[in-house]
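In what follows, a single structure is set out as structure tokens and then discussed.
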Amino acid sequence: MHDEYELIVIGGGPAGLGAALSAREHGLERILVVERDVQLGGILNQCIHNGFGLHYFGEELTGPEYAARLIDRLNGQAIDVLCDAMVLEIIPGENGHTLRLMSADCGYRTVGSQAIILAMGCRERTRGAIQIPGTRAAGIFTAGTAQRYVNIEGYMVGRRIIILGSGDIGLIMARRMVLEGATVVACVEIMPYPGGLTRNIVQCLQDFDIPLYLSHTITRIEGKQRVEKVIVQEVDDRFHPIDGTDIAFDVDTVLLSVGLIPENELSRAAGVEIDSKTSGPIVYENGETSVPGIFACGNVLHVHDLVDFVTTESEGAGKAAAEYVLRRIDVLEKRIYEKVSHDDVNLQSPSYDDPQKVACEAEHARASHDDVERSALIDDLSKKLVQGRSYCLSIVRDETISYTVPQRIRVQRVDKQVSVFFRVKNPQKMPKCIVFRDGERIVASFRRPYMMPGEMERVTLTREQLDDVCGNELLISVEEIR
Amino acid sequence: MKEYVCIICPRGCHLAVDEENDYAVTGNGCLRGAAYGREEAMHPTRIVTSSVRVRSRIHPRCPVKTDKAIAKSDIMKAMLLLDDVELSPPVRRGDVVIASLFGGEANFIATRDIDE
Ligand SMILES: Cc1cc2nc3c(=O)[nH]c(=O)nc-3n(C[C@H](O)[C@H](O)[C@H](O)COP(=O)(O)OP(=O)(O)OC[C@H]3O[C@@H](n4cnc5c(N)ncnc54)[C@H](O)[C@@H]3O)c2cc1C
Ligand code: SF4
């Protein structure tokens with residue numbers, strides 16, 4: 001382990017591994033991956049079910065197999081790995097960032113790095129976060145904790161089980177518990193539609209005849225030492241329990257699958273701007289956060305249901321971090337930033353400079369040894385660029401969309417295309433269209449036969465489409481097909 | 001006409017299978033979905049994943065899966081077979097844990113490497 005790195009990746013799950021590999025491929029030589037667990041692989045180690053990798057590897061793998069493929073690749077590379085080590089603090093700096101970490105092997109350490117990739121994943125919401133009344137009996141677990149106990153540590157968590165929430169982890173655990181000999185009496189979901197992937201409803205609940213109660217919730221947990229009974233009630237459209245709809249279930253275990261929250265304590269403390277909708281950092285088209293040189297990918301950025309998308313996203317972040325470190329563009333961009341915030345420039349003009357020419361001029365400016373001259377050249381270039389077009393597009397959404405990632409796009413940074421991930425707020429059953437508009441005009445549209453809030457959508461905007469945008473906002477919404 | 005949700009990959013395409021018309025499948029996003037829809041209507045099968053005991057310093061469990069889908073009706077029987085298995089490291093992913101389930105072509109194989 002060195003004292004200085006070009007890139008430190010925090011988290012050794014699929015996001016961290018993908019990002020480190022991609023940064024290496026794009027030219028970085030001093031990379032460190034820090035992982036809190038004793039092994040790499042992240043959440044995939046406990047996801048022993050299959051369903052990973054069909055998009056990315058073209059075959060269906062289990063979680064550990066998917067992780068092993070990435071770890072094998074990593075082992076062949078000059079990338080430092082520090083497991084059993086936890087990053088405690090990120091201190092951002094003008095000329096590189098500092099990390100404080102605690103490691104089983106090397107104790108308390110301070111390490112410098114020019115770029116940082118946040119890949120800390122997410123954690124589960126707990127009973128406290130949703131406040132179920134009742135006793136504090138043993139036998140209440142988050143589904144992911146139960147998954148770890150059963151699949152990694154080899155403990156069974158209960159015999160008669162009820163599951164609250166129909167998120168994927170809950171569904172996967174319903175099947176897992178039945179296979180291990182337990183009885184799963186029900187899966188209870190407060191929303192009128194299931195939270196997890198449809199395939200998991202089919203193969204985890206329907207295959208084993210586990211009833212799914214939609215628009216229901218657990219309103220009471222009873223039991224002295226151990227859970228003995230739970231009361232389930234139907235809820236109205238404002239999620240208030242309806243009197244007289246009580247159903248009692250005799251169970252010894254409650255598994256909570258009530259959502260995941262990106263783990264952003266470190267990011268927040270480092271001053272990274274957080275989106276209240278995703279609970280993850282606000283990012284630009286390349287995964288860069290509001291702090292220059294700090295990037296984010298994977299579940300720390302927004303909760304993914306497909307690891308394949310995590311891998312693709314993290315490769316983008318790894319590449320972007322490499323570009324940042326290799327000083328291809330950032331010095332220039334920083335100046336442009338300052339310009340944008342200080343000058344009252346015209347952001348509406350549709351014409352802009354040829355990116356090739358810009359890159360060439362930027363190179364020329366940077367090569368200049370005379371400080372004053374360099375500064376003048378960069379200023380000049382910034383002005384041209386800024387006057388040329390809107391520098392940064394914000395993606396705004398209407399009430400049909402719950403969030404997008406990225407939230408901002410620096411158009412001239414987009415090479416050929418940029419993927420925008422989002423979730424719809426409500427199920428869209430009939431064929432619909434995803435539409436991007438600037439003002440009244442449609443910039444791009446994408447048809448879909450149906451869309452569910454539980455399934456993340458991805459669409460790709462091309463550079464041409466982005467260039468076509470007037471103004472500095474791009475509205476995304478779901479509309480009827482006309 | 002029977003309706004299914006394809007479970008081959010997480011996209012979850014909504015399939016319609018026409019038994020009258022040689023089990024023709026519509027709604028599939030790819031060819032694997034067509035094959036799945038036909039199979040599901042004729043004789044449903046599943047890949048089974050679970051874990052077995054392993055005498056490892058780090059992990060007491062080793063994850064396993066069937067390398068081919070087995071009949072849905074055989075799932076619980078297959079699970080019982082795993083109860084008696086105990087592996088010793090080193091384990092390589094792909095190692096056969098139980099060969100030829102019920103005399104058929106499917107095996108239980110390990111899905112992770114366990115060195116020590
Ligand atoms: C139960 C479950 C089932 C799933 N099923 C599927 C499926 O069938 N198909 C599919 O494609 N996808 C599935 N997914 C989704 C996919 O597994 C995740 O989206 C993906 O693993 C997220 O990767 P990540 O690297 O962002 O996070 P993680 O895998 O969580 O990795 C984050 C890592 O960061 C480490 N870390 C956190 N904080 C620190 C710190 N301060 N210092 C050092 N290290 C730190 C953690 O220890 C962890 O190892 C499932 C997910 C879950 C939870
Ligand atoms: S039809 Fe193809 S794309 Fe659709 S869910 Fe099945 S495997 Fe996935």
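In plain terms, the residue of A:62, B:45 with the fewest other Cβ atoms within 10 Å comes first and the most crowded comes last, giving B:45, A:62. For the stretch B:60-95, the residues whose backbone nitrogen is under 14 Å from a point 7 Å from the Cα of residue B:105, taken along Cα to Cβ, are B:67-71. A simple spin-label model places pseudo-atoms 7 Å from Cα toward Cβ; at residue A:247 and residue A:228 they are separated by 2.3 nm.
Per-residue Cβ neighbour counts within 10 Å put B:31, A:256 in the sequence B:31, A:256, beginning with the fewest.
Here the label points at residue A:98 and residue A:376, each 7 Å from Cα along the C-beta direction, are separated by 3.8 nm in the simple model.
Rounded to the nearest 20, the size of the Cβ-charge dipole of the stretch A:392-480 about its Cα centre is 300 debye, with Lys and Arg at +1 and Asp and Glu at -1. Calculated mean residue ellipticity, 222 nm, chain A: -7500 deg cm²/dmol, from DSSP H runs (n ≥ 4) at -39500 (n - 2.57) each, averaged per residue and rounded to 500.
The calculated FRET efficiency for residue B:71 paired with residue B:30, based on their beta-carbon distance and R0 = 25 Å, is about 0.55. Extension gain for the segment residue A:159 to residue A:80, taken as residue separation times 0.36 nm less the Cα-Cα distance, is 24.1 nm to one decimal. Computed from the C-beta positions of residue A:105 and residue A:448, the FRET efficiency with R₀ = 45 Å rounds to 0.35.
Counting only DSSP H runs of at least 4 residues, each contributing -39500 (n - 2.57), and dividing by the residue count of chain B, the helix-based mean residue ellipticity at 222 nm comes to -5000 deg cm²/dmol. Taking the Cα centre of the protein assembly as shown as reference, the dipole from Cβ charges on Lys and Arg (+1) and Asp and Glu (-1) amounts to some 900 debye. Computed 3J(HN,Hα) for the stretch B:85-98, one whole-Hz value per residue from the Karplus formula 6.51 cos²θ - 1.76 cosθ + 1.60 where θ = phi - 60°, is 8, 9, 9, 10, x, x, 10, 10, 5, x, 4, 6, 9, 9, glycine and proline marked x. Cβ crowding within 10 Å ranks A:222, A:288 as A:222, A:288, fewest other Cβ atoms first. Around the Cα centre of the stretch B:2-42, unit charges on the Cβ atoms of Lys, Arg, Asp and Glu (plus for the first two, minus for the last two) sum to a dipole of about 300 debye. Averaged over the residues of B:59-65, the number of partner chain Cβ atoms lying within 10 Å of the residue Cβ comes to 6. Converting the Cα gyration tensor eigenvalues of the stretch B:2-42 into ellipsoid dimensions via √(5λ) gives semi-axes, longest first, of 16, 8, 8 Å. Dipole of chain A computed with +1 at Lys/Arg Cβ and -1 at Asp/Glu Cβ about the Cα centre; of A:169, A:439, A:402, farthest Cα towards the positive end is A:169.
Per-residue packing, averaged as other Cβ atoms within 10 Å, sorts the ranges B:49-62, B:76-89, A:462-475 into the order B:49-62, A:462-475, B:76-89, beginning with the highest. Helix A:63-75 and the long axis of chain A differ in direction by around 30°, with both axes built from C-alpha atoms. Other protein chain C-beta atoms within 10 Å of residue C-beta, averaged over A:43-51: 4.
Cβ-Cβ distance of residue A:364 and residue A:274, R₀ of 30 Å, FRET efficiency by 1/(1 + (r/R0)^6): the value works out to about 0.20. Rounded to whole numbers, the Karplus 3J(HN,Hα) couplings from phi for the stretch A:132-146 are 8, x, x, 7, 9, 6, 6, x, 10, 10, 6, 4, x, 5, 4 Hz, using 6.51 cos²θ - 1.76 cosθ + 1.60 with θ = phi - 60°, and x at Gly and Pro.
Mean partner shielding of peptide A:61-68, defined as the number of other chain Cβ atoms within 10 Å of each residue Cβ, is 5. In the stretch B:49-110, a dipole from Cβ-located charges (positive for Lys and Arg, negative for Asp and Glu) runs towards its positive end, and of B:82, B:58, B:107 it is B:58 whose Cα lies farthest in that direction.
Throughout, read-outs are computed from the coordinates displayed, never taken from laboratory work. Since the model is a prediction, treat every value here as computed from it, not as a measurement. Cβ coordinates were reconstructed from backbone atoms using ideal geometry, including for glycine residues, and neighbour counts include every protein chain displayed.
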